[in-house]
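Worksheet: the structure to be examined is printed underneath.
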Amino acid sequence: MSKGNIGVTTENIFPVIKKFLYSDHEIFVREMVSNAVDATQKLKALAATGEYSGSLDNLKVSVSIDKEAGTLTFSDNGVGMTEEEVDRYINQIAFSGVTDFLEKYKDTATSIIGHFGLGFYSSFMVSDKVEIVTKSYKEGSQAVKWSCDGSPEYEIEPCEKAEHGTDIILHMSEEGKEFLNEGKLSMLLNKYCKFMAIPVVFGKKQEWDKDEKKMKDTDEDNVINTTAPLWTQQPSSLKDEDYKNFYRALYPMGDEPLFWIHLNVDFPFHLTGILYFPRVQSNIDLQPGKIQLYCNQVFVTDQVEGIVPQFLTLLHGVIDSPDIPLNVSRSYLQSDANVKKISTYITKKVADRLAGIFKSDRADYEKKWDDLKIFINFGMLTDESFYDRAKDFALVKDADGKYFTLEEYKTLIQSQQTDKDGNLVYLYANNADEQYSYIENAKAKGYSVLILDGSLDTSVVSMLEQKLEKSRFTRVDADIIDRLIVKEEAKESTLSEDERKALTETFNSKLPTLDKTTITVEVSSMGEAGAPAVLTQNEYMRRMKDISRYQSGMGFYQQMPDTYSLVLNSDNDTIKAILADANGKDDTIEQIIDLALLQNGLLKGAALDKFIKRSYKLTK
């Protein structure tokens, strides 16, 4: 037996590992299994070069629990280690000094992993003692046993081991005993190891015993992983059903995806993966964290901001790249050139795929548009390069349910919806039912109306006004129909200033008081066939309030009242009659006001009840 001190420059290394190195203690499971997988993969590589001529059958990694002994063991039948290799790989930790180490990595502890080969030492976060029993594949090698109790001191001695490979036995600390629970360990193995390249075995498969009426172990190994996941296979060899089955395996409770993108690139970086566009039932479904990041089939994180463009974090799927090591940290992602290239590549790949679907099967693309537009709109809002590509396949839908590209729609409305100043006016509604009469008035005028009812559409409208030359968007209830698109100077009202003032004061006196709502009264000429009054809502203030729901720093808009205008039609006979006999028309005035409020969803409670009773009275 020999003893020694682990080659570090301070005895404080183990407290650093236990308390600082890994923010999440469960990560040791990933490190232990991935190291064991590496050992078996190395044996394959040696066999390929002729340095190993033994059998490669039944290569695997096994994980086992011994609750009585309080141990957790990770075993592999890979290359193993000689005593000299144990000394080189386990006993020597290359630190220039813990002071420099702590200073350099104080903000990004996880970036240590990989840089210093400390994956093995994560075991000391949960163990009072760690033992390694290992035997090299090299002919004539002596098996050795290494042990350490979490201090820099270790012991190493010869031992017996029949086959090459390595067993790492963790004597779990009081804090680490939670990992001796089969359910918890199974969950962690499934999280971190379900796609590793070598079979990972945890216990035996079970089946129902009819006689004993309970689940019992069989003789078959319980392999918890798929060694050749779909993204590692050639797209040409896969069918649609393969992609759908893989999606179901990833998201058992999810609906069938709209479509998918298979990523496969070798230069200038290595990247594989599959991204799915999910079918969106509601905005609640749109949560980031559904893309899993892998490094050589080892799970890294599901927080992929910085690797995947922000708007694509709403997609589902997996990305695997050996150029993104296990030591993912925010500062690393921000500075790494490969990561930036990967993000750019993914954006282009997604845009190319969408453009291809649009061109090859537009009818199918239009059917999926209502689900797709949340992703595409978010992309155009947050990524300039994506907007440049997406503007050719982004669609808008009109009130008749027809779809157009931006360029197609511009051509459609140019002749009818250009105002006297040469501005192209896009009319839209965000609720086809509530704004039905406004839509119909616009259509009767020969105008087209878009339906923009998505959660991001208000922001998209503001963006398009900046992108599209001499264009503006106006909701159909923002003004009376003749002022939505002004093509000539407004007609002068036939009423005198005193008559206009009298009408305004009469209606003002009957306006109800609504919470956080301001209504002003004005008079305009809208034609004899026009309604007695129309309630319009200020476009600018309404839009700012809509945007402020999603944009920080604009909360003050939410405190401001909704602003409406009650526009009286000076050409209408009813309004003329009220003007001629204002004192005797209270019910009529209130009825006109309530009808305008009702049309805009502002008549509720007692006021609505009063309106209904008055309506019955007026029919007598």
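The values are calculated or read from the model by the stated rules, or taken from the named source; none is laboratory data. Values in this document were obtained by computation on a predicted structure and should not be read as measured data. Cβ: placed from backbone, ideal geometry, glycine included. Neighbour counts: every protein chain shown. Just the protein is used for accessible areas: all its heavy atoms, side chains included, with ligands, DNA and RNA removed. Shrake-Rupley method; radii C 1.70, N 1.55, O 1.52, S 1.80 Å.
Structure summary
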| quantity | calculated |
| --- | --- |
| Within the range 54-78, considering residues that are farther than 20 Å from LYS138 by Cβ and among the charged types (D, E, K, R), the one surrounded by the fewest Cβ atoms within 10 Å (Cβ to Cβ) | GLU68 |
| Meets criteria (surrounded by fewer than 20 Cβ atoms within 10 Å (Cβ to Cβ) and at pLDDT 80 or above) for LYS104 | no |
| Yes/no for LYS205 being outside any loop (DSSP other than H, G, I, E, B) and open to solvent by 20 Å² or more (accessible area, probe 1.4 Å) | yes |
| Residue satisfying all of: in the range 240-259; assigned to a loop (DSSP other than H, G, I, E, B) and either among the acidic types (Asp, Glu) or out of contact with any Phe, Trp or Tyr (no Cβ under 6 Å at 6 or more places or on another chain) (or both); surrounded by the fewest Cβ atoms within 10 Å (Cβ to Cβ) among these | MET253 |
| Selection count where residues are assigned to a helix (DSSP H, G or I) and not acidic (Asp, Glu), scope the range 521-549 | 8 |
| Check on ILE481, within 18 Å of VAL567 (Cβ to Cβ), open to solvent by 20 Å² or more (accessible area, probe 1.4 Å) and over 29 Å from the mean Cα position of the chain (by Cα) | yes |
| Tally of residues being within 25 Å of THR518 (Cα to Cα) and either at pLDDT below 85 or of a type in the set (Gly, Ala, Ser) (or both) across the range 559-578 | 6 |
| Scope the range 120-146; condition of a type in the set (A, V, I, L, M) and assigned to a strand (DSSP E or B); matching residues | VAL130, ILE132, VAL133, VAL144 |
| Test: ASN423 is open to solvent by 50 Å² or more (accessible area, probe 1.4 Å) and either without any contact (Cβ under 8 Å) to a residue 60 or more places away in the chain or closer than 29 Å to GLY530 by Cβ (or both) | no |
| Residue in the range 188-200 that is at pLDDT 95 or above, within 28 Å of ASN58 (Cβ to Cβ) and in a strand (DSSP E or B) present | yes |
| Looking only at the range 29-53, and only at residues there that are farther than 16 Å from GLY165 by Cβ and assigned to a helix (DSSP H, G or I), the one that is most open to solvent (accessible area, probe 1.4 Å) | ALA48 |
| Contacts under 9 angstrom Cβ, first residue in the range 599-616 being within 13 Å of ASP515 (Cβ to Cβ), partner assigned to a loop (DSSP other than H, G, I, E, B), 6 or more apart | LEU602/PRO512; LEU602/LEU514; ALA607/PRO512; ALA607/LEU514 |
| Residue in the range 280-287 that is within 26 Å of PHE358 (Cβ to Cβ), in contact (Cβ under 8 Å) with a residue 12 or more places away in the chain and open to solvent by less than 60 Å² (accessible area, probe 1.4 Å) present | yes |
| Filtered residues of the range 296-319 (kept if open to solvent by 10 Å² or more (accessible area, probe 1.4 Å), in a strand (DSSP E or B) and modelled with pLDDT of 85 or more) | VAL298, PHE299, HIS316 |
| Residue tally, condition assigned to a loop (DSSP other than H, G, I, E, B) and open to solvent by 40 Å² or more (accessible area, probe 1.4 Å), over the range 212-233 | 6 |
| Top-ranked residue of the range 405-421 - restricted to ones that are modelled with pLDDT of 95 or more and among the charged types (D, E, K, R), ranked as nearest to LEU484 (Cα to Cα) | LYS410 |
| Condition check for ASP392: open to solvent by less than 40 Å² (accessible area, probe 1.4 Å) and in contact (Cβ under 8 Å) with a residue 24 or more places away in the chain | no |
| Filter result (of a type outside the set (S, T, N, Q) and assigned to a loop (DSSP other than H, G, I, E, B)) within the range 497-520 | LYS510, LEU511, PRO512, LEU514, ASP515, LYS516 |
| Whichever residue in the range 567-620 is open to solvent by 60 Å² or more (accessible area, probe 1.4 Å) and in contact with a Phe, Trp or Tyr (Cβ under 9 Å, 6 or more places away or on another chain) and, among such residues, is nearest to ALA432 (Cα to Cα) | GLN599 |
| Selection count where residues are touching a residue at least 24 places away in the same chain (Cβ under 8 Å) and under 17 Å from ALA162 (Cα atoms), scope the range 54-72 | 5 |
| Residues of the range 494-523 satisfying the condition of being out of contact with any strand residue (DSSP E or B) (no Cβ under 6 Å at 6 or more places or on another chain) and either surrounded by 11 or more Cβ atoms within 10 Å (Cβ to Cβ) or within 24 Å of TYR447 (Cα to Cα) (or both) | LEU495, GLU499, LYS501, ALA502, GLU505, THR506, SER509, LYS510, PRO512, LEU514 |
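Residues checked against (1) out of contact with any Leu (no Cβ under 8 Å at 6 or more places or on another chain); (2) within 24 Å of THR405 (Cβ to Cβ); (3) touching a residue at least 12 places away in the same chain (Cβ under 8 Å):
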site	(1), (2), (3)
VAL460	no, yes, yes
GLU469	yes, yes, no
THR474	no, yes, yes
ALA478	no, no, yes
ASP482	yes, no, yes
ALA502	no, no, yes
LYS510	yes, no, yes
